[in-house]
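Note sheet for the following structure.
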Amino acid sequence: MTQHENHHDHRSTPHADRGDVSTVTTSPARRYRGVGVLALASVVAVTTTACGAISEALQDRGSGHTRAFTYDSGADGKADEGLPSWVPDDASDIRGVFRTTGDEMILTMDADVTSLPADCTSVDAGHPLVAKPTRGTLTADDYRTGSTLEAGWWTAGQEQDASLQCDGWWVGTKDGALFAFHPELKAVQVEDQPDPA
């Protein structure tokens, strides 16, 4: 058993129309569905695994419906379905925070921007930072344009400094590290969060 394992809730959202943002209260099933974990499932996993690794890998932040997680490598995170496919396999020291009731996630990792896939597009006047919905009838206007999540390694507003878009993620570099942001739906309630770790 590796040091950083996550338990995943693979249930899909019980909404008849996933394009109707007025009914969105939980995250829809995503390709990288690994980080959508319920607190009860975490407790069960910790008590039923010999090493209790989930308690080390996934920290329930207590309020604000947010969770923090870590991975040793991009390959580990993708094998665990906890990271999107564009994350380089050799990325290391991966830290993230996500909202359990929505789509937003922030990431930081040690990785070289040149190791990103060729289909990541540069941000410029013709390709501005916008949300890129992949389900239902959602449009970019259904999403917020700024991060609402907090972490000690994330500076408020840094998502606006992204220089690339990889799938629906805004990606850039800061202080030698790669960072990424996935926008949140406007329909999702943003609650107060604990002090960032």
- Note on the structure: the stretch 76-197: Kirkwood hydrodynamic radius (Cα pairs, Å) comes out at 14.9
- Message: Give the lysines reachable from LYS78 as a straight Cα distance under 25 Å; neighbours fewer than 8 places away on the same chain don't count.
- Response: LYS132, LYS174
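Where a number appears in this text, it was derived from the coordinates with a stated rule and is not lab data. Just so it is clear, the structure is predicted and the values come from calculations on it, not from any experiment.
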